[in-house]
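Working notes, structure below.
The values are calculated or read from the model by the stated rules, or taken from the named source; none is laboratory data. All of these numbers come straight from a predicted model, not from anything done at the bench. Cβ atoms come from the backbone with ideal geometry, glycine included; neighbour counts cover every protein chain shown. When the accessible area is computed, the model is the full protein with side chains, heavy atoms only, and any ligands, DNA or RNA have been set aside. Shrake-Rupley method; radii C 1.70, N 1.55, O 1.52, S 1.80 Å.
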Amino acid sequence: MKILTIETTCDETAAAVVTGDLEVLGSVVASQDKLHEAFQGVVPEIAARAHVERILPVIDQALQNSGVALDKLDAIAVANTPGLSGSLLVGVTAAKTLCLAASKPLIAINHLHAHVFACQLATKEPIFPCIGFIVSGGHTHLYRYETPLDGTYLGGTIDDAAGEAFDKVASMLGLPYPGGPHVSKVALDGDPKAFKFPRSFIRQDRLDFSFSGLKTAVRYAIAGPGNADVHVVELSRQQVADLAASFQQAVVDCLVTKSLQAVKQSGLSNLCVGGGVAANRVFRDQLTKACETESVNLHIAPLEYCTDNAVMGAIAVERFKEGLFETLDLDIAPGLIRM
Ligand code: KG4
Ligand code: ZN
């Protein structure tokens, strides 16, 4: 079985060809980071227009790299939820057009479940049932999965996602977009205890997160409550490093504590983590240690499949096996479907 997978939910235009055995035959990711850098965040209109320019070359390249011709595919799959409307529309329209032209079945991908499924790409061991944890720029959500396609929402952020907090704090510290990797790099020279930042809900049983108060706390630590513009404050290299390290530690404490609480409450033993923030070294190391102590089987998505990519769309193989195909009136669903 060979499936072409397409991903355009946010600001990466990506396509891949994967087999029924989860072998990756070809994968292309065209990042738009440079286009959004000046705005310190994704501009939806720019993202959609860039997807339009890139989608066909990216699909072409993925097919060429994999050595599979369009007519030899068994299906075409596309992420249709959740994401930015304009971005989703480009991928979904491309997929439907190719399905119509080449008479191929169409498969819909839930981007969040795909982030968790990325963990299955690193191991032959079955990872389901599990607690699935998506920590990305748009989401910080915990699900209970009986199977890859059967996820029940347990809790998540009530305001910002963890990745978004990394991006906004990076901006306050004068670091480039996307902020996560830059914050974690400067944090290497910082003291994670230098600033006492809040860890929302950490002593409560609820499986929720909140990062907006933490963002404000970082802002006040830089400029104080009275000063609207953090960028006028000159920070030393060490202050930037200490702020970054203390912020990162507050986020990581919340992520580690809540994901382990979810595992404990569920009675399951597998924890699977995906999404861009899962690339964070401190998070990976501290979660690994905590899971060893608590005897939890941890699966973290391979580094290359943490940030958005089309390979994690291999979850489409599961839908193919179940005969879950879509008609050509498949629509986008930008908002989060809690399923
Ligand atoms: O999964 P992703 O590519 O997009 C969404 O689906 O949202 O995640 C992108 C997010 C960005 O906010 C980025 O700053 C964050 O992941 N990120 C990181 C790291 N690498 C990427 N955050 C913290 N540490 C990292 N090393
Ligand atoms: Zn994502």
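Brief remarks follow.
- Criterion violated by I315 - all others in (1) in a helix (DSSP H, G or I); (2) in the same structural domain as R206 (by TED's automatic domain parsing); (3) surrounded by 19 or more Cβ atoms within 10 Å (Cβ to Cβ); (4) among the aliphatic types (A, V, I, L, M) satisfied: (2)
- Contact annotation: residue pairs with Cβ atoms under 6 Å, 6 or more positions apart or on different chains, pairing a residue in region 190-211 that is in the same structural domain as A241 (by TED's automatic domain parsing) and closer than 12 Å to Q248 by Cα with a partner that is open to solvent by less than 60 Å² (accessible area, probe 1.4 Å) and in a loop (DSSP other than H, G, I, E, B), are F211/D160.
- Restricting region 93-127 to residues that are farther than 17 Å from R319 by Cβ and of a type in the set (S, T, N, Q) leaves a set whose member that is farthest from ligand 1 (Cβ to nearest atom) is S103.
- Candidate set: region 114-146, residues that are of a type in the set (A, V, I, L, M, F, W, C) and part of a helix (DSSP H, G or I); chosen: the one most open to solvent (accessible area, probe 1.4 Å): A122
- All of D160, D189, D167, D205 fail the test of being of a type outside the set (G, A, S), within 16 Å of ligand 2 (Cβ to nearest atom) and part of a loop (DSSP other than H, G, I, E, B), apart from D160.
- Evaluation of L22 against the conditions (1) at pLDDT 95 or above; (2) within 16 Å of ligand 1 (Cβ to nearest atom) shows that the sole unmet condition is (2).
- Scanning region 50-102 for residues that are part of a loop (DSSP other than H, G, I, E, B) and surrounded by fewer than 18 Cβ atoms within 10 Å (Cβ to Cβ) returns G67, A69, D74.
- Test: residue in region 239-249 that is open to solvent by 40 Å² or more (accessible area, probe 1.4 Å), out of contact with any Lys or Arg (no Cβ under 8 Å at 6 or more places or on another chain) and over 27 Å from Y305 (Cα atoms): yes
- Selected residue (criterion: nearest to Q261 (Cα to Cα)) from residues of region 313-332 that are within 15 Å of ligand 2 (Cβ to nearest atom) and out of contact with any Leu (no Cβ under 7 Å at 6 or more places or on another chain): I315
- Residues that are among the aliphatic types (A, V, I, L, M), open to solvent by less than 20 Å² (accessible area, probe 1.4 Å) and within 15 Å of ligand 2 (Cβ to nearest atom) within region 1-29 comprise I6, A14, A16, listed in sequence order.
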